[in-house]
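*Asks:* Dumping the structure here so I can ask a few things about it.
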Amino acid sequence: MINGKRGVLLVIISLLFFLLVIKESSGVGILGNQLDVMLEFEPGLEREFSYGVVVTNGEVDQYEAFVVEELAKYMWVEPRYLIFDKTRGGTPSFRAVLKLPNSESELGAGKHCAGVGVTEMFPESVEGEGIKIMARTSAKARVCVRVLYDGKYIEAKLHAPNINENTLFIPEITVSSWGKEDISSVYADVFIQDISGKDVGSIRTNTAGLKSKENVKLSGSFDATGISPGDYKARAVVYYDGEKIEIPEKEFKIGTLYVKILDYTKEIIGGKINKFNIRVESRWNSKIEELSGRIIIGDQDVRTVPISLEQWTEGILEGYVDAGNFDLGEMLVKIIVYYADKTTVLDDVVRIVKDPDEGKFSWFKNINLTITLIILLVVIVEVIWIIGKKVNNSGSKKKKVKKE
């Protein structure tokens, strides 16, 4: 009978430890002087890169260095396996060696890259520490090689910045020469549309010359005075020595000094002091300082703690409402948000609801306390069983002595 109970207790203990599984997420970093490298192709070029391992998890002391992606066939790492000495500390290090082929045709024109990094190595099991779910993480640096195209060839990127209303919109285009020949003239046209696709305006940038392997920035300006705040998009066409390429559209915003109330606490528990959250969003392209809220409900006028709000971001205003004298049901609420010299006002309702925990045992409200009490009970029963077993064994030995 006792053995049966003990088996049940062991099952309970196992289940409890399963509920208390330790989920661990570890990490690793990489450092070096060249973490993002772009090289020009040279036949037979050989380069060496040095890296260090940033140890962020004290439980891991073994790491594996690796090379992946297209250039992996032309690179290797030394040493491949690294050990971190916990007693001495320091930074485990390794090197990566790149050796390019003698002919650029083996790679082909364009950009070719490799990821060089380290990954954590875990033992298959960890004894004496319960159940663990370990996440194998890694960190990488990048090494890229550019092979030029024959003739004239460009790569271009469009930057369309967010602006505030009644200001200048100044897009910027970075043009890179990936061809073996110089370009005598390059310029761009930028076309602006609203989110529905309706044309708003266009910009002609400056004109510049561009040598092989070099970059140039093109820009122009558009006066957005009188343009309604909202979402817009810009696309560009770049012209160079009789050729052209189109750059995919980029979205941008024209901001206005306005804070929108996105959401707020819809239910309040009667008879208690409740946290009341107001979720807000800035529509301004600059930081808003000292933004605060006001909650008017029943006979209460509550102020929230002030916050700052970065451009185009969301934030939470927090206040506390005492619902000790509120009747159950719907109540009118007025929410006012103050910022700069402006306000946003929302009139709506909240529901005053019954406490869902009313009438329940207090210990049932906290599952962690419940688990702790169960573990304590199991330990007590187990100790009693062990003591009882020792007493029984002692009694049996005394009876045997008397018979002899």
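The values are calculated or read from the model by the stated rules, or taken from the named source; none is laboratory data. Note that the structure is predicted; figures quoted are calculated from it, not measured. We place every Cβ from the backbone using ideal geometry, glycine too, and count neighbours over all the protein chains shown.
*Asks:* Here's a check for you: in region 183-217, which residue that is over 13 Å from ARG235 (Cα atoms) and among the small types (Gly, Ala, Ser) is farthest from the chain's Cα centre (by Cα)?
*Replies:* SER184
*Asks:* I need the full set of residues from region 303-335 which are among the aliphatic types (A, V, I, L, M) and under 32 Å from the mean Cα position of the chain (by Cα), in order please.
*Replies:* VAL305, ILE307, LEU309, ILE316, LEU317, ILE335, listed by residue number.
*Asks:* Going through region 268-301 one residue at a time, which ones are free of Cβ contacts under 8 Å to residues at least 40 places away in the same chain and within 15 Å of ILE352 (Cβ to Cβ)?
*Replies:* Those that are free of Cβ contacts under 8 Å to residues at least 40 places away in the same chain and within 15 Å of ILE352 (Cβ to Cβ): GLY298, ASP299, GLN300.
*Asks:* So, one more: Kindly evaluate PRO248 against the criterion of being exposed (fewer than 12 other Cβ atoms within 10 Å of the Cβ), in contact with a strand residue (DSSP E or B) (Cβ under 8 Å, 6 or more places away or on another chain) and not assigned by TED's automatic domain parsing to the domain that holds GLY329.
*Replies:* Answer is yes for this residue.
*Asks:* Continuing with this model, one more query. Find the residue count for region 192-232, including only residues that are crowded, with 17+ Cβ neighbours inside 10 Å and part of a strand (DSSP E or B).
*Replies:* 8
*Asks:* Could you identify the single residue in ASP299, ASP327 that is loosely packed, with under 11 Cβ neighbours inside 10 Å, over 17 Å from GLU267 (Cβ atoms), in the same structural domain as ARG279 (by TED's automatic domain parsing) and not aromatic (Phe, Trp, Tyr)?
*Replies:* That would be ASP299, the only listed residue that is loosely packed, with under 11 Cβ neighbours inside 10 Å, over 17 Å from GLU267 (Cβ atoms), in the same structural domain as ARG279 (by TED's automatic domain parsing) and not aromatic (Phe, Trp, Tyr).
*Asks:* Working carefully through the options THR225, THR265, THR256, find the one that is over 23 Å from ALA160 (Cβ atoms), in contact (Cβ under 8 Å) with a residue 12 or more places away in the chain and among the polar types (S, T, N, Q).
*Replies:* After applying the criteria, what remains is THR265.
*Asks:* On to the next question. Given the condition touching a helix residue (DSSP H, G or I) at 6+ places or on another chain (Cβ under 9 Å) and at negative phi, answer yes or no: does some residue in region 156-179 qualify?
*Replies:* no
*Asks:* What's the total number of residues in region 200-217 that are more than 13 Å from PHE169 (Cα to Cα) and either in contact with a Pro (Cβ under 9 Å, 6 or more places away or on another chain) or of a type in the set (Asp, Glu) (or both)?
*Replies:* Result for region 200-217: 1.
*Asks:* Please work out which residue is nearest to LYS86 (Cα to Cα), limiting yourself to region 51-75 and to residues that are modelled with pLDDT of 85 or more and touching a Phe, Trp or Tyr at 6+ places or on another chain (Cβ under 8 Å).
*Replies:* Of everything passing the filter in region 51-75, GLN62 is nearest to LYS86 (Cα to Cα).
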